[in-house]
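Quick note: the coordinates plus some simple rules give every number you see, no bench work behind them. Predicted model, so just to flag it, every value in this text is computed and none were measured. With ideal geometry, Cβ positions are generated from the backbone for all residues, glycine too; neighbour counts draw on all protein chains shown.
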Amino acid sequence: MLLQTILGMSIARFITIYVAQGIVCAFFIFLAYKILKRDRKRLNLIFSGFYMSAAIGFIVNFIYGPLMDLNIVYFLNFITNFALFFSPIFLVVFNWMLLKSEKIVTTTKQLTLLFIYGAFLSLLLLFPWNNPMMGISITIDEVVFSDGATILQQSSPNWSLPYYLYVVVILTLFASAPSLYLTFKVYQQFEDQKLRKKWKVFIVGLLEIYVFTYSIITSNLLNIPALRTLMGLIGIILALTGAYAMYYGVGKKI
């Protein structure tokens, strides 16, 4: 009860946010460090951007997890979602650069794509807060213990169907579908069998990341506690193995 009182969240939610997501966050930062330590050329910066953007999302989630001011919670939840869903666009740019070369994919083109995608993600702010029919709903609930003690607990975000569909459409059209398409196009250009084998590992990792992403946001829509816990357990495995597979497939060489 003391831990719940201090953190204002259930033990299960604490483990999900600060243990499971904490491990993933630390691992993503470590991989970004490994990539940038090797070289800080533009291709490395873009690839590490995927890991760092996701890590920022996790860190912001750590901050608002125990807070009780709903206005602050909703805004930080937007920042979390923005950073997490912004991360895949770096994989699009990364594969685009591998396929067409850095000379063709100029910094201006790169920044234009990042800005356009970011602008569409920013429209998530237009969805109403604390609205279970159109936006995201987060509640502060009073929990009463058997000894009569009471605490306030922040609920997990519950996504409405319109919010969910908007995220899925934007994520799919701008990030997941293009990155998968470009990834397979890059694979087809490789003639060396060792490179093709390595790139297959990258593809598997990319697929794991997207399975993780879509399963987590679907659990936010369904809002079933048991499913959230299950997806949290499966998600940490997918996120860790997927992130490392991508790094192993290409990050060690760029």
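Where q = 0.09, 0.10 Å⁻¹, what log10 of I(q)/I(0) comes from the Debye formula for the chain, counting one point per Cα? Relative scattering, expressed as log10 I(q)/I(0), comes to -0.42, -0.52.
Label-to-label distance for LEU67 and LYS194 is 5.0 nm, based on points extended 7 Å past Cα in the beta-carbon direction. Taking the Kirkwood radius as Rh and the Cα radius of gyration as Rg, segment 171-254 has a ratio of Rg/Rh equal to 1.07. Taking amide H atoms as placed 1.01 Å from N in the peptide plane, the amide H of GLY135 lies under 5 Å from those of SER160, each 5 or more residues away in sequence or on another chain. For segment 12-84, applying the loop criterion from DSSP together with a ceiling of 14 other beta carbons within 10 Å to the chymotrypsin sites (Phe, Trp or Tyr not before Pro) yields no site.
Dimensions of segment 89-130 from C-alpha coordinates, computed as largest minus smallest value along each principal axis and given longest first, are 45, 17, 8 Å.
Can you compute the FRET efficiency between TYR248 and LEU152 using 1/(1 + (r/R0)^6), with r the Cβ-Cβ distance and R0 = 51 Å? Round to the nearest 0.05.
My answer for the efficiency is 0.70.
For ILE234 and SER122, the difference between the fully extended length at 0.36 nm per residue and the C-alpha to C-alpha distance is 37.4 nm. With θ taken as phi - 60° and the Karplus curve 6.51 cos²θ - 1.76 cosθ + 1.60 applied, the whole-hertz 3J(HN,Hα) list for segment 111-120 is 5, 5, 5, 4, 5, 4, 5, x, 5, 5 Hz, x standing for glycine and proline.
Between the listed residues PHE27, SER48, PHE75, the Cα displaced farthest toward the positive end of the dipole of segment 23-75, a dipole computed from Cβ unit charges relative to the Cα centre, is found at SER48. Karplus-derived 3J(HN,Hα) values for segment 14-21, using 6.51 cos²θ - 1.76 cosθ + 1.60 with θ = phi - 60°, are 4, 5, 4, 7, 8, 9, 4, 5 Hz; glycine and proline are entered as x. How far is the Cα center of segment 154-185 from the Cα center of segment 203-254, in Å? Taking the Cα centre of segment 203-254 as reference, the centre of segment 154-185 is 13 Å away.
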